[in-house]
Each structure stands twice: as C-alpha cells, then as structure tokens.
1. Within segment 20-32, track down each residue that is open to solvent by 70 Å² or more (accessible area, probe 1.4 Å) and in a strand (DSSP E or B).
2. Can you tell me which of (1) loosely packed, with under 13 Cβ neighbours inside 10 Å; (2) in contact with an Asp or Glu (Cβ under 7 Å, 6 or more places away or on another chain) is the one residue 103 doesn't meet?
3. Would you mention how many residues in segment 217-231 are farther than 13 Å from residue 243 by Cα and either charged (D, E, K, R) or open to solvent by less than 80 Å² (accessible area, probe 1.4 Å) (or both)?
4. Considering only segment 218-251, state which residues are under 16 Å from residue 183 (Cβ atoms) and at pLDDT 90 or above.
Amino acid sequence: MEDDRIFLDTTRAELPVWLLKCPPAISRVFQSVASNSFSATSSVIAKIVHTVDLLHPEDPSSEQFTLEMIQTNPNAPRSYKLNMSKDVAPMCVFSKSNQGKISVEGKVECKFDLEPQNLRAYSNLCRDRMNKAAVKIRKVQVLENDHGMFMTPMPGQLPSSSKEKRKLAQSKRQDAKRVRRDKGEMLSILFRLFERQPNWGLKQLVLETNQPQQFLKELLSEICVYNKRGPNQATHELKAEYKNLGGSNNE
C-alpha cells in the first residue's frame, strides 16, 4: 500500500514576509518573471525605496516606502507609493515545488497597497483597459459541410426559424381554444374511429376530434399502445383487450 501522507516543510514558517496588493499591470510583470525564475539570466524588474526621517526615527509616520518599476508596460506608471498596514489577519505563504513538495515560506507581517504617484497616467491606463474590454470581436466561421446538417434541429430542440416558431405558436393558440368533451363521450368517439382504421397518429386524432392534444394523450395512454417502430411507426392502436371487445366501451 502506497504512503499517501503529505509532509510539510516548516523550516521557514516564522520568516516575516510582506503581502503586496497590486494592479493587474504590475501583477502580470511579476508573474512573467516568476514563470521564468529558472532561466539562466535574471534581471531586476523593480526596487523598493525605504525612506526614514533620521530626526524622528521612533515616529512610525516617518517611514515611507516607494516602489520603482524598472520593467513594466510603457503606458503604466512607474512610481508607486506603498501604504503599509500591520493590521492583518494571521496568514502564511505556502509554495509547492514541481516534485510536489509543500513548504511554508513565511508568515505575513504586514501588507502594502500600491498607490500610483502619477494618477493621470493610471487613469488613462484604466480607461484604455475598459475601452478594450468593451470592444466586441466578431468572428466569421466558414462551415465545411455545405449541406447544412449541423444546422438541422435535432429532436427536442426549439424551432430555429421564424416560420417554425409561428407554426408552434399557432398550434398552441388553437389547442387553447379547443374545449374538452366528457371523458365517456370521447372514449366512444375514439372507439368508433379505431373501428374505421386500426392505426391513428396523434395529429390525425386532434383534427378528427377537435380536442386538446394533452387530453387526447391521456385518453390514448389508457386504451392504446404506441408503436415506436415497424410499418406503423409513430401511431396508436387499441390494446389487445379492447380489440377483443370489438371496439365497444363497457365503462
């Protein structure tokens, strides 16, 4: 039996790490570098400038952090102010190697929110992103099958053409206008129709009796069997017990 236990490396569990919340333009740059982290050549994409007021080193507000992007989108701002907050929920950073090893990379000590120094450039970037997302790209695809078999509605699908939709709506309106007769009277009419011919389609019976289709289905399910295959496919015929009675209704 294989050992399914998973071992967690906690060597760096107490290492303090920073959590950085950044816009998509900056996040994509970091992700591209992370995906190429095993490449032979590595380059610096950003630097963090930590400024401290030496006259008031104890004052927390005297500390300032700035992120300077070296590699980024030409239209994106390059300088960002890092707003630090230490009021964060307990969080840890995990990693998983290609071999499946899971490790704790550290504990979040503080988080930073990026604030662009050039707000006008960042507003232009957001506007361009919204305009690109609003553009609908339409594609024209040429069907190799020129017989139109892929456009033929399958059984159970809704009608695709306006002509079929009009026919369906018209049949529904006609069916709503039909008034149900008494059940006993309708059974007698059906038995007489089956004396005339042994097999009937549902649409034929609707035209002959001028009754709602659903009402006829209920009656036919009691006295008939439905032929799913054979020469009389898609038709109804009387059950054997009613055929033996010669089509008379003793109810």
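1. Within segment 20-32, 21 is the sole residue that qualifies.
2. The single condition residue 103 does not satisfy is (1).
3. Qualifying residue count, segment 217-231: 10.
4. Across segment 218-251, the qualifying residues are 218, 219, 220, 221, 222, 223, 224.
This table checks each residue for (1) of a type in the set (A, V, I, L, M, F, W, C); (2) exposed (fewer than 11 other Cβ atoms within 10 Å of the Cβ); (3) modelled with pLDDT under 80.
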site: 108; (1), (2), (3): yes, no, no
site: 112; (1), (2), (3): yes, no, no
site: 118; (1), (2), (3): no, no, yes
site: 125; (1), (2), (3): yes, no, yes
site: 145; (1), (2), (3): no, yes, yes
site: 151; (1), (2), (3): yes, yes, yes
site: 154; (1), (2), (3): yes, yes, yes
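The values are calculated or read from the model by the stated rules, or taken from the named source; none is laboratory data. As the structure is a prediction and not an experimental result, all values here were calculated from the model. Neighbour counts are summed over all protein chains in view; Cβ atoms, including those assigned to glycine, are modelled from backbone coordinates with ideal geometry. Only protein heavy atoms, including side chains, enter the accessible area calculation; ligands, DNA and RNA are left aside. Shrake-Rupley method; radii C 1.70, N 1.55, O 1.52, S 1.80 Å.
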